[in-house]
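The structure appears below as structure tokens.
The values are calculated or read from the model by the stated rules, or taken from the named source; none is laboratory data. Computed from a prediction, not measured in an experiment: that's the story for all the values here. Glycine gets a Cβ as well: all are built from the backbone with ideal geometry, and neighbour counts include every protein chain shown.
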Amino acid sequence: QQQVKQSPQSLIVQKGGISIINCAYENTAFDYFPWYQQFPGKGPALLIAIRPDVSEKKEGRFTISFNKSAKQFSLHIMDSQPGDSATYFCAATGPTGGGNKLTFGTGTQLKVEL
Amino acid sequence: DGGITQSPKYLFRKEGQNVTLSCEQNLNHDAMYWYRQDPGQGLRLIYYSQIVNDFQKGDIAEGYSVSREKKESFPLTVTSAQKNPTAFYLCASSLAPTGMYEQYFGPGTRLTVT
């Protein structure tokens, strides 16, 4: 019930293309869904996050789409750039205020080619 | 400059030896976390601490121990009982002990046990 399933495991996109990473969860108590970005040899850093009261959140070229009924959420990277090449982790937690831990997906290694 | 420091970046040990990984933060955060990262498995929580002198087991605590004697420090000891200790270890902290608060990660320590 605590799992977050992430796909694909790896992704190669051409410069300027759209990168799409998908996550699915089981626990309906989850109510906060962040995405973390990790460059090689570094720790992850928060990229963008969403709550289930909205279906979409956009920050620059990064957009989270959220489908509460399907228990799925996805990260879209528009106009992908070589500098976006990194590992992306989705995560989930909840209920808010319950002192819950983050449950991470298994990660997606994105490579953006010229 | 606020942040999380982990030392050393690379650590080599012989099988059967205990080893302690350092984690220090100057963000004045209450909560601190230790994760283990293995290829294809994402980030798995080892231990977390919500407040000084208190800590809880995460999902994979067997073979590990921690202490939280000071707010800014959360060292992790990998004991000889940990069957497969070679991994990338990440320390993180957050303002409060709920997943909705951004977790700030250190640069990680890569431990190799032979």
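Is there a residue in the stretch A:24-32 that is small (Gly, Ala, Ser) and either surrounded by fewer than 16 Cβ atoms within 10 Å (Cβ to Cβ) or out of contact with any Cys (no Cβ under 8 Å at 6 or more places or on another chain) (or both)?
First, pick out the residues of the stretch A:24-32 that are small (Gly, Ala, Ser): A:24, A:29.
Now drop any that are not either surrounded by fewer than 16 Cβ atoms within 10 Å (Cβ to Cβ) or out of contact with any Cys (no Cβ under 8 Å at 6 or more places or on another chain) (or both), which leaves A:24, A:29.
Within the stretch A:24-32, one or more residues are small (Gly, Ala, Ser) and either surrounded by fewer than 16 Cβ atoms within 10 Å (Cβ to Cβ) or out of contact with any Cys (no Cβ under 8 Å at 6 or more places or on another chain) (or both).
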Check your understanding: Any residue at all in the stretch A:67-74 that is of a type in the set (Ser, Thr, Tyr), over 15 Å from the mean Cα position of the chain (by Cα) and more than 9 Å from every other protein chain (Cβ to nearest Cβ)?
Key -> yes
Practice item. Taking the residues in the stretch B:52-75 that are touching a Lys or Arg at 6+ places or on another chain (Cβ under 8 Å) and within 11 Å of chain A (Cβ to nearest Cβ) as candidates, determine which candidate is surrounded by the most Cβ atoms within 10 Å (Cβ to Cβ). Key: B:58
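Would you confirm whether or not the stretch B:93-100 contains a residue that is buried (at least 16 other Cβ atoms within 10 Å of the Cβ), among the hydrophobic types (A, V, I, L, M, F, W, C) and under 12 Å from the mean Cα position of the chain (by Cα)?
no
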Check your understanding: Could you say whether any residue in the stretch A:72-79 is in a loop (DSSP other than H, G, I, E, B), over 23 Å from residue B:92 (Cβ atoms) and modelled with pLDDT under 95?
Key -> no
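The rows are residues; the columns are (1) in contact (Cβ under 8 Å) with a residue 24 or more places away in the chain; (2) assigned to a loop (DSSP other than H, G, I, E, B); (3) touching a strand residue (DSSP E or B) at 6+ places or on another chain (Cβ under 7 Å).
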| residue | (1), (2), (3) |
| --- | --- |
| B:11 | yes, no, yes |
| B:16 | yes, yes, no |
| B:20 | yes, no, yes |
| B:65 | no, no, yes |
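One line per residue, one yes/no per condition, for (1) among the aliphatic types (A, V, I, L, M); (2) more than 14 Å from chain B (Cβ to nearest Cβ); (3) surrounded by fewer than 15 Cβ atoms within 10 Å (Cβ to Cβ):
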residue: A:11; (1), (2), (3): yes, yes, no
residue: A:18; (1), (2), (3): yes, yes, yes
residue: A:43; (1), (2), (3): no, no, no
residue: A:49; (1), (2), (3): yes, no, no
residue: A:53; (1), (2), (3): no, no, yes
residue: A:85; (1), (2), (3): no, yes, no
residue: A:90; (1), (2), (3): no, no, no
residue: A:109; (1), (2), (3): no, no, no
Practice item. Kindly provide the set of residues from the stretch B:22-51 that are in a loop (DSSP other than H, G, I, E, B) and within 13 Å of chain A (Cβ to nearest Cβ), ordered by number. Key: B:30, B:39, B:40, B:41
Point to revise | Close pairs from the stretch A:34-63: first modelled with pLDDT of 95 or more, partner part of a loop (DSSP other than H, G, I, E, B) and surrounded by 17 or more Cβ atoms within 10 Å (Cβ to Cβ), Cβ under 6 Å, at least 6 apart | key: A:36/A:44; A:38/A:44
